[in-house]
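The numbers here are math on the coordinates, done by the rules we state, and not lab data. The model shown is predicted, which means the values in this text are computed figures rather than measured ones. Don't worry about glycine lacking a Cβ; one is built from the backbone with ideal geometry, like all the others, and counts go over all protein chains shown.
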Amino acid sequence: MRFLDWAVVVAYLIYVIVDGVRMTKHSKKVEGYFLANRSLPWWAVGLSVMATQLSAITLVGTTGQGYADGMRFIQFYFGLPLAMVILCVTAVPFFYRAKVFTAYEYLEKRFDAKTRSLTSFFFLLSRGLSCGVIIAAPSVILSIVLGLSEPATIFAMGLSTTIYTMIGGVQAVTWTDVKQMVVIFIGLSVCMFIILSKFPMDVSFGDALSLAGSTGRLTTVDTRFDLNETYTLWSGLIGGLFLMLAYFGCDQSQVQRYLTAKSVDEGRTSLLMSAFVKIPMQFFILLIGVMVFVFYQFERPPMIFHRVEAERVERGARGEDFGALNGEYERAHEARRQAAENYLGAVNGGGDPTETRAAYVAADGKFNELRGRGVAFVKEASGNRSFNDVNYVFPTFILQNMPAGVVGLMIAAIFAAAMSSVAAELNALATASVIDFYRRHFKPDATDEHYVMAGRAATGFWGLFACVVALYATSLGSLIEVVNKFGSFFYGSLLGVFVLAVAVPRARARGAFWGLLFGIVSVWIASRFTQIAFLWFNVIGCLVVVAVGYLLSLTVRDDAAIVQEA
Amino acid sequence: MIDQADDDRSDRRWRPVYVTVVVYTALVIVALWLFSRAFTF
């Protein structure tokens with residue numbers, strides 16, 4: 001990175017911290033600190049909802065996925081707009097009118113304190129750990145591409161976020177989220193513009209799509225019904241629907257976003273903003289990855305994007321074999337480049353491109369085979385079975401090909417994506433800790449100022465906890481898998497408890513409590529003993545909780561009135 | 001009672017918006033499928 005890039009990154013970090021800290025004056029009372037006095041406009045809340053969901057690993061991983069695998073990942077989001085509609089009808093008015101601080105507080109009004117505490121505890125457990133992973137994932141990547149140590153990037157990201165979240169509360173989180181989304185949008189747009197301008201003069205955007213389409217990278221809808229296939233139309237629509245319902249309806253880091261809206265209608269509008277924008281936005285991010293793939297048709301990409309690991313193998317005992325494989329890879333790239341030019345010549349020359357396309361696809365297959373061998377070589381040489389360099393594609397591309405200033409802007413965008421997610425989670429973790437445990441079980445009658453101080457202390461604690469988890473998480477292998485596993489173990493089951501609360505009048509506390517435990521065990525069994533793709537875990541967890549919860553509730557003989565709405 | 005009536009009116013007002021979101025989602029999926037078909041050889 002050049003001086004100008006460092007200046008942009010440092011200026012961004014200072015601005016975010018100062019801007020977040022400025023919000024202290026709105027955060028003196030407990031309602032202001034945790035819910036912004038329910039005063040925020042829909043567009044700010046909507047951008048905050050999107051910023052919270054868009055973590056750095058999503059940004060970097062999605063572009064990498066576009067490069068390596070194409071656009072199939074877009075199907076993951078197909079259930080999101082439908083989930084938003086269901087939540088606008090159910091969760092938003094329920095939570096908002098119940099005047100709760102946390103989603104779990106509602107469960108005490110509907111069931112009992114035990115069910116509330118258990119669900120809140122599972123939220124703290126899963127989110128506390130995953131928050132560390134969300135910091136660790138981009139920190140590892142940035143430490144390698146920037147040449148800094150892992151603890152340096154972890155603490156730069158984790159502590160700066162903790163400082164402004166701790167001091168400014170939810171106001172700081174939301175308004176910095178808005179600015180961070182602007183940085184991300186500008187960064188991505190500039191990035192796309194520069195990639196397209198770096199194509200050879202005679203390669204148009206249409207040509208780029210033809211090349212990407214020939215290799216299957218523009219396949220966006222897979223209509224097969226296969227439970228073991230992660231991304232299909234059906235896993236996205238059904239599994240994705242359950243996941244998004246759970247994430248936006250039961251995860252405090254999202255529920256807290258729309259509880260800060262001015263009214264129920266503004267809360268609804270903020271969620272519907274994601275319903276309209278999310279799929280096109282993810283399409284754009286994936287398309288950037290695909291365009292990076294096209295760019296590397298004409299420029300030689302590294303065989304291994306994880307520079308440090310590649311250099312270690314080169315210096316190792318089998319460095320010569322690795323060098324020979326690299327030479328073969330270079331020749332395969334040259335052959336593919338030639339085949340791509342021949343194919344585009346046939347397309348633009350008006351002839352029949354069938355033969356040249358087949359030759360290009362074969363050359364791309366050979367090239368991919370060699371890259372696969374390179375990755376397998378590193379796995380074997382390093383002893384790291386889960387080695388995968390897909391997340392390094394985009395940062396490497398940025399550093400090697402973007403002009404001064406733009407590199408800094410893109411690194412700032414990656415920081416922004418990470419910090420916006422982490423801030424919302426720290427804020428939610430602090431809220432659940434203080435409201436669901438400290439105020440509920442230990443100190444119910446303290447002053448507002450006392451709870452605000454407790455909120456700040458809890459934010460600081462969770463910030464440090466996440467940084468420590470991040471230090472350990474860097475040695476866990478595939479980080480995105482770790483995040484997905486954490487989430488999928490709990491989300492469906494938590495959703496099941498809320499479905500029981502809202503949609504099953506006969507449901508009782510005992511059913512909800514034991515149903516939740518059964519749900520989590522059933523997801524564990526499914527993940528341990530079957531090959532079912534993780535998106536379906538959300539469906540399994542939810543259905544088991546509802547079924548077991550309902551059946552157990554039938555055994556309860558009390559005639560106590562059920563609070564339908566708090 | 002007044003609150004409940006207000007809520008019902010508000011909910012009814014949102015129905016066309018929800019239908020729009022569902023139709024929009026269907027159209028986006030169809031558009032993506034057509035895009036996919038146009039560039040899959």
| said: Using a 7 Å offset from the Cα along the Cα-to-Cβ direction at both residue A:112 and residue B:30, what is the distance between the two label points in nm, to one decimal? | reply: 5.2
| note | With the convex hull built on the alpha-carbon atoms of region A:70-177, volume per residue in Å³ sits at 164
| For the pair residue A:448 and residue A:352, how long in nm is the line joining their label points, each one 7 Å along Cα→Cβ? | 7.9
| request: Kindly put B:20, A:153 in sequence by how many other C-beta atoms sit within 10 Å of each C-beta, fewest to most. | output: B:20, A:153
| query | With respect to the cross-link table entries A:198/A:366; A:198/A:379; A:109/A:179; A:25/A:109; A:29/A:443, which display a Cα-Cα separation exceeding 28 Å? | reply | A:198/A:379; A:109/A:179; A:25/A:109
| Given 0.36 nm per residue, what is the gain on full extension from residue A:223 to residue A:386 after removing their alpha carbon distance, in nm? | 55.7 nm
| By how many nm would the segment from residue A:121 to residue A:504 lengthen if fully extended, with 0.36 nm per residue of separation less the alpha-carbon distance? | 135.6 nm
| note | Here, chain A modelled as identical Cα point scatterers in vacuum has Debye log10 I(q)/I(0) at q = 0.05, 0.08, 0.10, 0.12 Å⁻¹ of -0.22, -0.55, -0.85, -1.17
| remark: Pseudo-spin-label distance residue A:324 to residue A:468, built 7 Å along Cα→Cβ, given in nm, is 5.0
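Can you pull the mean other chain C-beta count within 10 Å for peptide B:25-36? Don't jump to the answer; show the numbers that get you there.
Values: counts 12, 2, 0, 8, 10, 1, 5, 11, 6, 2, 8, 11.
Per residue, the average neighbour count from other chains is 6.
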| field | Potential lengthening between residue A:152 and residue A:300 on full extension [0.36 nm per residue; Cα-Cα distance subtracted] | value | 50.1 nm
| query | So how far, in whole Å, is the C-alpha centre of region A:83-126 from the one of region A:513-534? | reply | 22
| message | Less than 17 Å from a label point 7 Å out along the Cα-to-Cβ axis of residue A:315: which backbone N atoms in region A:134-168 qualify, by residue? | response | A:144-150
| remark: Hits for chain A under the membrane-span-like helix rule (DSSP H, Cα axial span at least 18 Å, Kyte-Doolittle mean at least 0.0) are A:3-21, A:56-69, A:113-146, A:150-197, A:264-298, A:406-431, A:448-473, A:479-503, A:509-529, A:535-554
| Nearest 0.05, what FRET efficiency do residue A:556 and residue A:28 give at R0 = 30 Å with Cβ-Cβ as r? | 0.10
